[in-house]
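The structure under discussion appears below in the form of structure tokens.
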Amino acid sequence: MSLRRLSAFLIFLTLGLSASVQEPLPDVAAPAAAPAAPAPAAGKIDVYVIPITGVINKPNLFILRRGLKEAIKNDVECVLLDMDTPGGRVDYTIEMMEMLAKFDGITATYVNPDAISAGSFIAAATQEIYFAPQGKMGASAVIQGGGEDVPETARMKVESYLRANIRSITEDYPYRSDVIRAMLDADFELKIGEEVIKPAGELLTLTAREAMREYALPGSPAQPLLGSGIYDSIDDLLDARFGAGNYEIKDFHITYSEVIAKWMNTFAPALLGIGLLALFFEFKTPGFGIFGIGGIVLLGIFFISHYIAGLAGNEVILFFALGIILVLLELFFFPGTLVFALSGLALIFGSLLWAMVDIWPNEPITVSPELLAEPLVNLVFGLSIAVFGAFILSRFFPGSWMERKLVLSQAAGGDSQTLRAQRESRLPPPGSTGVAITDLFPSGRVEIADRRYDARSALGSIDCGAKIRVKKTGDFALIVEETRERGSPYPHASESARQPQPSAPAPNPQSPI
């Protein structure tokens, strides 16, 4: 199996809760193994306590990412994970382990009370592991999302990759790598000296006291098997680690609004697509109403959800707003120039992509396929919703019951349907020919039978003076295409067109000019 296929396979795997049947280790008292508290320093040590609770999924990944980014930005010295999880997905677990390596300060986990399956890997990626009195850690076998066993070859590849990650992280801890392997691999026998800690044929799950039992290698002092201490609360833990009064906990709470934003982040591509579609719908209907407001609100939620999750800053919204302004300048003040429209669209789509890119503080930005892959997929998915919806609306909306419900049937000056019919009767029918009196890029002006109309090229651009044919009538302009026969440049062509034509009807005073 290639590395690419292995990566794809990891996405559909989870680290489930596996039953562990094993001999209980002797019950021993927890030694006072916590590091000695340092002497009071001139300044207090700042600590971030980040809750990792429930299933390891994308919301928890967002929480950890935001917490670590804020800790790096605010020069926090210690990050403590307050963990209670039954496990979760492998791909998110590996990404969270890699995030912890980006933090240069002290990383620790407080198992309160469970770090099962995926949680055990994340805890092992921190420098120090502490336990609540009822804490448990282990049972880390890889299973599929529905609880089924993973095929043997795939399981061996995934486990090998996970063990390699653990070994690279835990080289400074004598027992940790083997302990995590015993939690992952039922066939592995965990043995220290002559004592068998876990026989082959079962998975290892440690209680707090079992994790604190000390073992000694030849020529080395005795050390706890896995833990750094057992404490009733986080305050007791930090008092023992840094000394009472020598630290300050920086609050990091998951607010109600953040829970909603994390939930909405799952549907970010859909929010993006529906928001753009609503703005298109608003553009196609008279006035400004619910669709314009709804589109702006949905795009606002798109940005807010990413900002709360730690994926975007205010500058992204600024660039998006600037892009909207440039597009409006093109539409209302400088039609046909393309410079403002192209610049605005580049800023709009660039800001949407930037909002989803994972950028870490104090690190150089390196553009890579891994950095842009998921944001590009989300952007394409959102745009696909907008484009497909726009196609459906433009095809079926005009004259439909939905239009009759949304657009006033009566307007100033008479019935709106009658006014539309009158307007369309004054427009040249499809097949009419004329000449372009301006360049069409793609919008411009054409002259047909001594009358001038706003027009848009059906495909590409049309040069001034070119012969054109009406393909169809649009809501705001004629849709035209260039004929093969070229006319002479305007104004000569226009002057020729203005010669009296016996069959031409008399100009209507209400005709557009």
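The values are calculated or read from the model by the stated rules, or taken from the named source; none is laboratory data. Fair warning: this is a prediction, and the values are worked out from it, not measured in the lab. Ideal geometry is used to build each Cβ from the backbone, glycine not excepted, and the neighbour counts take in all protein chains shown.
Points to keep in mind about this one:
- Residue in the range 164-176 that is modelled with the lowest pLDDT, counting only those that are surrounded by 17 or more Cβ atoms within 10 Å (Cβ to Cβ) and assigned to a helix (DSSP H, G or I): 169
- Taken over the range 179-195, the criterion of being modelled with pLDDT of 90 or more and more than 36 Å from the chain's Cα centre (by Cα) is satisfied by 189, 190.
- One residue from 477, 466, 455 being in contact with a Leu (Cβ under 9 Å, 6 or more places away or on another chain), closer than 15 Å to residue 430 by Cα and at pLDDT 75 or above: 455
- When the range 207-242 is filtered for residues that are under 14 Å from residue 193 (Cα atoms) and either in contact with a Gly (Cβ under 6 Å, 6 or more places away or on another chain) or surrounded by fewer than 17 Cβ atoms within 10 Å (Cβ to Cβ) (or both), the ones remaining, listed by number, are 214, 215, 216, 217, 218, 219, 220, 221, 222, 223.
- Count of residues meeting criterion [without any contact (Cβ under 8 Å) to a residue 40 or more places away in the chain and either more than 19 Å from residue 183 (Cβ to Cβ) or assigned to a strand (DSSP E or B) (or both)] in the range 81-111: 11
- When the residues of the range 358-377 are filtered to those that are under 17 Å from residue 72 (Cβ atoms) and within 14 Å of the chain's Cα centre (by Cα), the one that is modelled with the lowest pLDDT is 359.
- A Cβ distance below 8 Å, combined with a sequence gap of six or more or placement on separate chains, defines the contacts here; from the range 239-259, residues that are in the same structural domain as residue 50 (by TED's automatic domain parsing) and polar (S, T, N, Q) reach residues that are outside any helix (DSSP H, G or I) and at pLDDT below 90 in the pairs 246/37; 246/38; 246/40; 246/41; 246/44.
- Each residue in the range 114-132 was checked for being farther than 20 Å from residue 203 by Cα and acidic (Asp, Glu), and 1 pass.
- Residue in the range 55-70 that is in contact with a Pro (Cβ under 6 Å, 6 or more places away or on another chain), at pLDDT 90 or above and under 22 Å from residue 250 (Cα atoms) present: no
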